[in-house]
Each structure stands twice: as structure tokens, then as C-alpha cells.
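Only one structure is covered here, and it is reproduced in the block below.
The values are calculated or read from the model by the stated rules, or taken from the named source; none is laboratory data. Note that the structure is a prediction, hence the values are computed from the model and not measured. Counting neighbours? That spans all protein chains shown, and the Cβs are built from the backbone with ideal geometry, glycine included. Accessible surface areas use protein heavy atoms only, side chains included; no ligands, DNA or RNA. Shrake-Rupley method; radii C 1.70, N 1.55, O 1.52, S 1.80 Å.
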Amino acid sequence: MEFVNTFWALVPPIVAIVLALITKETYSSLFIGILVGALFVSGFSPVGTLDAMITKGFTPAISDNAGIFMFLVILGIMVALVNSTGAAAAFGKWAARHVKSRAGTLFATFVLGVLIFIDDYFNCLTVGSVMRPLTDRQKISRAKLSYFIDATAAPVCIIAPISSWAAAVAGFAKGAGAQNGLSLFISAIPYNFYALLTIVMMVYIACSDMDFGPMKIYEDRARIGEKMTEALEEQADACRENPRGRVMDLVIPVAFLILACVLGMLYSGGYFTRESQAYGNFVEAFSQSDASIGLLYGSFATILFTVVFFLLRRVLHFKECMASLPEGFCAMVPAIMILTCAWTLKAMTDSLGARIFISQLVESTAG
């Protein structure tokens, strides 16, 4: 095919990125990028385009990454369960008694975002629910809170070896020919300048309470107590009140999740298997672990523990726990859709030989 191993292999992601910047709409931009790639792969055959999108794109993207999707769904259920207990509201009240300034509130938001490093979506949902009442009390705009949460979540997760990002990136690296995707991910952490510099910037903004650009407009409105829009008022209801909820109903499940995911990754790396070369060797087992499988082990154990824990504490009834399942799934649908489209777009560029074209380009430049 005339489009294979040429610059045309880079056109689908370029189209997706440009459209996303212009339209500010993710799903349609990714889909159009996938469509362009499928057209190139099939030589502009209508039937071949549809076949490429389904058999070479969406189907393998879903089947090959089912573990990560299940992990995300379980995290969504975790958030729904914790919110149902009123633990987020209880934590917000506890924090309000100890954090008395705007700078302290922003720094507490940053610290909580750093501690919840398992997944950026889980991070945003949890930190947003917990810190929203506190930031409202300190007259910090929702726009600044959203920026702080998002600008902390993604950089922290992309440099955390125990995270859904680690699983996804390790999978990409392994598919690109790396012998050990997770080891490559860990070795690349010091060179992830965007994540590291963004984290430093968040600390500076929190301590200085600096505002710039359009953010200053929202902050000025929030300082004079301008009323929230109806949409934001509806979002505030997500932080539910429950007289039985306590701070430990948030802290204990999250701490158990982190511990269980670490143990799950060690197990997948052969740490507990006598026949494995990594038996009893923490570093070796961790570097050889399958992140997507290890995270799935940990999240499954955590969801079972959390349901039993809440039932024993009588903070939730069994039916309330089960009602959180579809609610948590719905919360993670946007993330799953974006990942599916992103992996499908990658499959299109792989079919067009983007890796070969880039490697040849780099070799010719280096030579």
C-alpha cells in the first residue's frame, strides 16, 4: 500500500489532535482520526474501511485491554461506594477544622491528589468529591479546583509504577518491541519532564495562590461570593451526607487498595511463586510484573473488602452496595471510551507502519 511506512502513517493522529484542539471535543476527534487511518489501511475501500476499524481496531483494542477496563470499572464502583457512605463529606468536615486558609486548602488538594496515585480518573472523582465543600467554603472557584485536580492527577499517575497509566504505557512499550514494558516505564520516569515540572508548578501555585489568564476571572468572581451555576450546584449533591459515615470509610479502603495493588503486582511478577526466578526478590518481581493483571488482582480484592467492611460497620446496606455497581460503571464510561478510541487509533497507525517510518527517519537523521 502506498500509505504504509510513509509520512501518511502519522496523518491519522495529527488529524485527531488538530480536531481536538479546534473543536474541544474528544470522542469525535478520535473517531475521525480512526476513520482516516482505516481509509488509508484499506486503500479507500468502503467495506475494507469498516473491516479495518472493527477487526484491526476496536475489537482487539477492547479484548487486549479488558483487564484495564475492568480495573477502571472497579475504581468507579469504589468511588460510588465511598460517596454513598458519606465518607467524602466527613473528610471534608474534618479537613475544614484543620485547614483554615486558601493556600492550605489548595495544598491539601495537591497532597490528596498525590496520595491517590492509582488512577487519574479515580483520583479526580475522589479528590473532587472530598475537596469541593472545603474549596467552596474558602471561596476557591470550581474552575481552579478542576485545574488543580486534573493537573495533579495525570502527572502523578504517569510517574507512579503502580497505576493504570503504568499498565497502559507498559503495554504500549511491550507492543512496540520492548522486552519488559514496566522496567522501561520506570527507567523513563526521570525524563518525564512534563509531569515533574507540572507537580512543581502545582506546589508553587498552592503556596503563592497565584492566578493568571482566564483563571483570574473565575477566582475574582468566587472571592466576591458570586453564586454557582445550577449545574455546579447539582454536582455538589454528589458529596452525600450520611450520619454513619466517618473519615476512616475513605482512608481505609484507599489504603487497602494501594496495598492490594502492590501485592497483586508482586504476585503477577512471581514474588510468591517458588518456581519463579523472582521468588522473594521484590525488585525483580516488580519489574517483571504484568501491571494490568496485578492491578486487577488488587482492585478485585479491594472491592470485596470494601463491601464487607461497610456491611460490618453498618454504614451501608447490601442493596445500597449493589446499587453502586451500575453507578460506578457509568462514571467510568467516558474514560473507557477515550481509551478504546486511543488504542484503536494506535492500531491504525501500527497497521500503516508508523513505527518503521519514525525509526527510519531517526536513523537517517542520526546518520
Q) Given the structure, is Ile252 without any contact (Cβ under 8 Å) to a residue 60 or more places away in the chain, among the hydrophobic types (A, V, I, L, M, F, W, C) and out of contact with any strand residue (DSSP E or B) (no Cβ under 8 Å at 6 or more places or on another chain)? A) yes
Q. Within the set of pairs 6+ apart or on separate chains, which have a first residue in the stretch 262-285 that is touching a residue at least 60 places away in the same chain (Cβ under 8 Å), a second that is in a loop (DSSP other than H, G, I, E, B) and hydroxyl-bearing (Ser, Thr, Tyr), and C-beta atoms under 8 Å apart?
A. Met265/Ser289
Q: Would you mind finding the one in Lys56, Lys100 that is surrounded by fewer than 24 Cβ atoms within 10 Å (Cβ to Cβ) and free of Cβ contacts under 8 Å to residues at least 24 places away in the same chain?
A: Lys100
Q) Filtering the stretch 318-331 down to residues that are modelled with pLDDT of 90 or more and aliphatic (A, V, I, L, M), which residue is surrounded by the fewest Cβ atoms within 10 Å (Cβ to Cβ)? A) Met322
Q: For the stretch 204-220, name all the residues that are surrounded by 15 or more Cβ atoms within 10 Å (Cβ to Cβ) and of a type in the set (A, V, I, L, M).
A: Ile205, Ala206, Met215
Q: Starting from residues that are closer than 18 Å to Gly86 by Cα and touching a residue at least 60 places away in the same chain (Cβ under 8 Å), keep the ones in the stretch 108-127 and report whichever is nearest to the chain's Cα centre (by Cα).
A: Leu125
(Q) Could you check the stretch 238-276 and list, in sequence order, the residues that are under 18 Å from Gly181 (Cα atoms) and open to solvent by 80 Å² or more (accessible area, probe 1.4 Å)? (A) Tyr267
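Here is a list: Met78, Met70. Which entry is under 23 Å from Ala260 (Cα atoms) and open to solvent by 20 Å² or more (accessible area, probe 1.4 Å)? Quick ask: steps written out before the conclusion?
Details: Met78 fails: open to solvent by 20 Å² or more (accessible area, probe 1.4 Å).
On inspection, the qualifying residue turns out to be Met70.
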Q | the stretch 126-171 - residue that is in contact with a Phe, Trp or Tyr (Cβ under 6 Å, 6 or more places away or on another chain) and farther than 30 Å from Ile62 by Cβ and, of those, modelled with the lowest pLDDT | A | Val130
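Yes or no, residue by residue, for (1) outside any helix (DSSP H, G or I); (2) touching a residue at least 40 places away in the same chain (Cβ under 8 Å); (3) open to solvent by 20 Å² or more (accessible area, probe 1.4 Å); (4) of a type in the set (Phe, Trp, Tyr):
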{"residue": "Leu106", "(1), (2), (3), (4)": "no, yes, no, no"}
{"residue": "Arg132", "(1), (2), (3), (4)": "no, yes, yes, no"}
{"residue": "Ile140", "(1), (2), (3), (4)": "yes, yes, no, no"}
{"residue": "Ala153", "(1), (2), (3), (4)": "no, yes, no, no"}
(Q) I'd like to verify a number: residues in the stretch 172-188 that are open to solvent by 50 Å² or more (accessible area, probe 1.4 Å), at pLDDT below 70 and not aromatic (Phe, Trp, Tyr), how many? (A) 4
Q) Mind checking which residues of the stretch 111-122 are buried (at least 23 other Cβ atoms within 10 Å of the Cβ) and within 13 Å of Met202 (Cβ to Cβ)? A) Gly113
